[in-house]
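Worksheet for the structure shown next.
Every number in this text was worked out from the coordinates using simple rules, so none of it is lab data. This is a predicted model, so every value here is computed, not measured. No Cβ is skipped: glycine too gets one built from the backbone with ideal geometry, and neighbour counts run over all protein chains shown.
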Amino acid sequence: MRSEFQRQTSELLKEAQLKAEAHGLHVTAMEWEWLLEFASGISKMERLLGSVAPTKADWESVFHSGLNRRLQGEPIQYILGSTEFYGRKFAVGPSVLIPRPETESLVEWAADIGNRQTAPRILDIGTGSGCIAVSLALEVPGSEVRAIDCSREALAVARSNASTLGASVDFERTDVLNDAIPDPPYSLIVSNPPYVPVEEMEEMQREVRDYEPHVALFAGRDPLLFYRKFAETLRTTLRSGGYIGMEIHAQFGPEVAKLFVDNGWRNVMVKQDLAGMDRFVVASVD
């Protein structure tokens, strides 16, 4: 026999999905499960087994508050205040992009490179939530990791994530388009810079367009702006044999690669994510 809590939550989940459909939102069942666990403190498994009941007296109001925010288009990750990335939970908020699973391909590549280097010094440009820098600090033992961003608010989130996860990362406010790279040389540079063409703004999901920080999404009229800067200036900030890896827009792999070839970089390659889409470009220096 179902418990009262099981009955209540079953009805709430159905209500949430019906309201989302009425608002024209595509919300997965998993998102409502996350919200329910966040509100009640009870996991899906515990709920299905009927082994525990929520101890929070206001759990229903917390769920409905989150539901109403989601119906306005706010991403579930901002409502929950966190998301999973590379097997760890990272705090997120409106000042940082929500880490995407596709970016894990860049971290996996970078961790492999870093673990084959001697005394690796790693720089993350445009760190946002710190998900790349923190992941690499934890995945590459003995590495020295520095992360830069132009946003003070983003750096505050990144520092908090590093502290919570026990990662040693040096953070510094730097505008990579106008300021000098701090404390070179590095053996590995990684970046997920702004690369979405402004022309795509109206085509984007409103969760992204209306809530995630535009400064971290759009590179102005030139979606290759940051890659052009990197290709022209970052060779001298790398040690001999050092590498750079950058996430890219899937449409611009060949164009980004050409920028690096034309500026004398070596071993320039476009790499794909698990879905087979062009996802990042890597290159090295002599």
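Quick check for you: which residues of region 211-252 have the amide N under 15 Å from the point 7 Å beyond the Cα of Thr118 toward its beta carbon?
Counting backbone N atoms under 15 Å from the label point, the list is 239-242.
Output the 0 to 90 degree angle, nearest 10, between the alpha-carbon long axis of helix 253-262 and the longest principal axis computed from the alpha carbons of the chain.
Approximately 20 degrees, to the nearest 10.
Measuring from label point to label point, each 7 Å out along Cα→Cβ, what is the Val208 to Glu153 span in nm?
About 2.0 nm separates the two model spin labels.
Report D for the chain in µm² per second (integer): Stokes-Einstein, Kirkwood Rh on Cα pairs, 4 °C, 1.567 mPa s. Show your work: numbers first, answer last.
On the way: Rh = 20.5 Å.
In µm²/s, the coefficient is 63.
If packing is taken as the mean number of other Cβ atoms within 10 Å per residue, what is the order of 187-199, 151-163, highest first?
Descending mean neighbour count gives 187-199, 151-163.
Rg(Cα) of region 185-286 divided by 2.2 N^0.38 Å?
After normalising by residue count via 2.2 N^0.38 Å, the value is 1.12.
Pop the C-beta distance of Arg100 and Lys56 into the FRET formula with R0 = 30 Å and round what comes out to the nearest 0.05.
Computed FRET efficiency for Arg100 and Lys56: 0.45.
Quick one: order Phe85, Phe5 by neighbouring beta-carbon count within 10 Å, fewest to most.
Lowest count first: Phe5, Phe85.
Pulled fully out, how much extra length does the chain show between Asp262 and Leu225, if you take 0.36 nm times their separation in residues and subtract their Cα-Cα distance? Could the numbers behind the result be given before it?
Working: separation 37, 0.36 × 37 = 13.32 nm, distance 1.54 nm.
Separation in residues times 0.36 nm, less the Cα-Cα distance, equals 11.8 nm.
With axes computed from alpha carbons, what is the tilt in degrees of helix 29-40 against the longest principal axis of the chain, rounded to the nearest 10 within 0 to 90?
70 degrees
What are the extents of the Cα atoms of region 1-138 along their three principal axes, listed from largest to smallest and rounded to whole Å?
Here the Cα extents, ordered largest to smallest, are 60, 34, 22 Å.
If each residue's Cβ is checked for other Cβ atoms within 10 Å, how do His249, His64 rank with the fewest at the top?
Arranged by neighbour count, lowest to highest, His249, His64 become His64, His249.
Cα centroid distance between region 227-258 and region 14-50, in Å?
Distance between centres, Cα-based: 41 Å.
Straight-line reach from Lys44: which aspartates and glutamates have a Cα under 18 Å away, not including same-chain ones fewer than 8 places off?
Cross-link targets: Glu4, Glu11, Glu15, Glu31, Glu33, Glu60, Glu84.
Non-local amide H neighbours of Arg239 (under 5 Å, H modeled in plane, Pro and chain starts lacking H): which ones?
The answer is Tyr186, Ser187.
What size of dipole, in debye to the nearest 20, comes out for the chain about its Cα centre when the only charges are +1 on Lys and Arg C-beta atoms and -1 on Asp and Glu C-beta atoms?
440 debye
May I ask for the angle, rounded to the nearest 10°, between helix 59-71 and the longest principal axis of the chain, with both axes built from Cα atoms and the value confined to 0 to 90°?
The two axes meet at around 50 degrees.
Applying a 10 Å radius around every beta-carbon, put 119-130, 273-284, 206-217 in order of their mean neighbour count, most first.
Peptide ranking by packing, descending: 119-130, 273-284, 206-217.
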